[in-house]
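Here's a structure for you.
The values are calculated or read from the model by the stated rules, or taken from the named source; none is laboratory data. Remember, predicted model here, so these are calculated numbers, not experimental data. Cβ atoms come from the backbone with ideal geometry, glycine included; neighbour counts cover every protein chain shown. Remember, those area values only see protein heavy atoms, side chains included, never the ligands or the DNA or RNA. Shrake-Rupley method; radii C 1.70, N 1.55, O 1.52, S 1.80 Å.
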Amino acid sequence: MSTKNIELEKPIDKVTLSGMELHPLEETNTEKREFHPVENYHPENDRHTHSNTIRIFGICILVLMILLCIAFLTFTFVNHQNKNIIWGVNIKGVDVSGLSTEEAKETIQNYINENLPENINLIHNDYQTSIPLSALNVNFDIDSAVKQAYETGKSGNIFENSFTALKTWIDPIDIELTATLDEEQLRTALNDISSKLPDTVIESGYYIDGTNLIVTSGSEGNVVDVDQMCTYIKNGISNLTLKNRTLDIATVSKQPSAINIENIYNEIYKEPVDAYYTQNPFAVYPSENGLDFAISLDEAKDMLLEEKSEYVIPLQTLYPAVTTNMIGTEAFPDLLSTYSTKYSTRDRDRTTNLQLAASKINGTVLMPGETFSYNQVVGERTISAGYKEAPIYVSGEVVDGLGGGICQITSTLYNAVLYANLEIAERSNHQFVPSYVTASRDATVVYGSIDFKFKNNRDYPIKLICSVSGGIAKFEIFGLKTDHDYEVEISSYVTGSTADSTYSEAYRILKQNGQVVSTELLSKDTYKRH
């Protein structure tokens with residue numbers, strides 16, 4: 001089928017179609033458009049455009065990297081020059097960024113001081129107590145923590161340090177603060193609290209009352225859970241969470257230990273020890289009494305079969321074969337002092353009293369630091385003890401009394417003690433100046449109320465030798481002389497008198513090589529006049 005080209009010689013102005021008038025389009029653009037066929041497309045043009053895009057992107061990346069490098073180098077330089085702690089570093093939650101080590105130590109110390117209590121407050125039901133923090137020797141290792149904080153970002157090479165500084169800046173770190181305390185002291189305090197709880201366990205126990213052993217049964221109760229409380233308290237101190245808080249005391253129920261009579265026996269049983277001495281060097285070893293059950297161990301066990309709150313077991317004293325007073329004078333080579341007074345042999349009852357008192361004292365050995373009590377050594381003056389009625393002073397009058405005259409033994413001993421330069425612990429004067437010594441050189445005793453006591457203040461034991469014979473009451477004190485001993489003088493005199501009274505004083509004067517070293521006032525006394 002062939003097609004024919006139809007040419008219109010004349011343009012159509014208007015077409016009428018079915019009553020409508022159609023006008024031709026006005027030619028508004030006379031520019032002719034050119035259409036290139038597909039065979040005219042060249043791909044190298046797109047490749048050129050894509051290459052330019054990549055080049056521009058690479059340049060941008062390079063510039064960005066250069067800027068980053070510049071920023072990193074700047075950061076590195078600034079960080080390297082930083083002499084303080086880098087940013088983003090905390091110690092125990094406290095920000096120490098930008099602080100010097102001294103500033104950081106002060107900051108942390110202040111924080112600790114603000115958050116540590118003076119006392120650890122504890123409570124158990126209605127019972128409240130506390131443990132002073134000062135008793136636990138609490139210590140925080142601030143120096144190590146600050147050192148670690150300061151060395152963060154400074155312990156590697158320059159680049160490692162910079163990366164660390166950058167990292168902490170973005171993600172801060174918190175350095176732990178180590179705390180230590182005296183755990184042994186804490187446990188001691190908790191055990192002490194445990195024993196004071198109102199509902200604490202009552203352990204079985206024992207004590208000696210005179211000649212009896214008293215064994216007591218225990219009862220169930222609560223005790224402090226020391227391990228758990230130690231953990232609570234140590235954590236609370238380490239975390240600084242104890243201020244303005246009161247901790248509940250953790251307790252556990254406990255039964256008392258069973259009574260072990262064999263252990264008690266082994267603890268109280270003691271063999272007697274004989275006294276002995278050596279001469280090279282001179283030394284005296286005193287005797288010691290022993291102690292034992294007065295019943296058999298099996299009998300004591302049978303007593304415990306009955307459930308009671310208390311058991312009474314009788315005891316007996318075991319005496320040594322050689323007592324300290326039996327040691328001969330060869331162990332006491334030096335005479336330290338002597339003093340004598342006169343008595344009337346015609347008064348037999350009074351003489352008997354003097355001899356009885358002297359016999360009780362004779363041979364007594366006092367170890368260094370031991371105190372002599374006249375009433376304790378001589379004992380009560382009774383008829384059964386052999387004492388007689390003899391003149392004594394009562395309410396200003398001379399009357400017969402049991403044991404009359406024994407104060408002469410006291411006064412004689414008093415003067416011997418003064419000359420031995422021993423320490424006077426207790427001494428009283430008579431109502432009247434006695435006939436056997438002058439004023440302020442006497443010492444009176446009344447059993448149960450007035451005693452005469454002195455102390456062996458020497459470094460070596462002393463031995464008292466007393467005799468009453470032929471109208472002479474005599475004391476000798478033996479011991480061991482040293483280079484530090486003094487010459488002793490006793491000075492006494494009446495300082496005044498009235499119609500009713502006499503006043504006197506006594507002094508002990510110590511000399512060395514004839515020179516006065518010291519003067520001691522012994523007493524100021526007042527006597528009634530006859």
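Out of THR351, THR329, THR317, which single residue is touching a residue at least 24 places away in the same chain (Cβ under 8 Å), surrounded by 13 or more Cβ atoms within 10 Å (Cβ to Cβ) and hydroxyl-bearing (Ser, Thr, Tyr)?
On the way: THR329 fails: surrounded by 13 or more Cβ atoms within 10 Å (Cβ to Cβ); THR317 fails: surrounded by 13 or more Cβ atoms within 10 Å (Cβ to Cβ).
The match here is THR351.
Identify the single condition in (1) open to solvent by less than 70 Å² (accessible area, probe 1.4 Å); (2) more than 30 Å from TYR285 (Cβ to Cβ) that LEU305 does not satisfy, given that it satisfies every other one.
(1)
Are there any strands (runs of 3 or more DSSP E) wholly within the range 443-525 with 2 or more residues that are under 49 Å from the mean Cα position of the chain (by Cα), closer than 30 Å to PRO286 by Cα and touching a residue at least 60 places away in the same chain (Cβ under 8 Å), and if so which?
Once the strands (runs of 3 or more DSSP E) in the range 443-525 are filtered for at least 2 residues that are under 49 Å from the mean Cα position of the chain (by Cα), closer than 30 Å to PRO286 by Cα and touching a residue at least 60 places away in the same chain (Cβ under 8 Å), what remains is 453-455, 462-469, 472-479.
Among the residues of the range 421-460, how many are open to solvent by less than 20 Å² (accessible area, probe 1.4 Å), more than 24 Å from THR382 (Cα to Cα) and charged (D, E, K, R)?
Of the residues in the range 421-460, 0 are open to solvent by less than 20 Å² (accessible area, probe 1.4 Å), more than 24 Å from THR382 (Cα to Cα) and charged (D, E, K, R).
Now, a different point. Is there a residue in the range 278-291 that is free of Cβ contacts under 8 Å to residues at least 60 places away in the same chain, surrounded by fewer than 11 Cβ atoms within 10 Å (Cβ to Cβ) and over 30 Å from PRO368 (Cβ atoms)?
no
Could you check the range 119-203 for strands (runs of 3 or more DSSP E) lying wholly inside it with 3 or more residues that are open to solvent by 20 Å² or more (accessible area, probe 1.4 Å)?
On the way: elements: 119-124, 127-132, 173-175.
It comes to 119-124, 127-132.
Take the residues of the range 332-348 that are open to solvent by 40 Å² or more (accessible area, probe 1.4 Å) and part of a strand (DSSP E or B): which is farthest from VAL488 (Cα to Cα)?
LYS342
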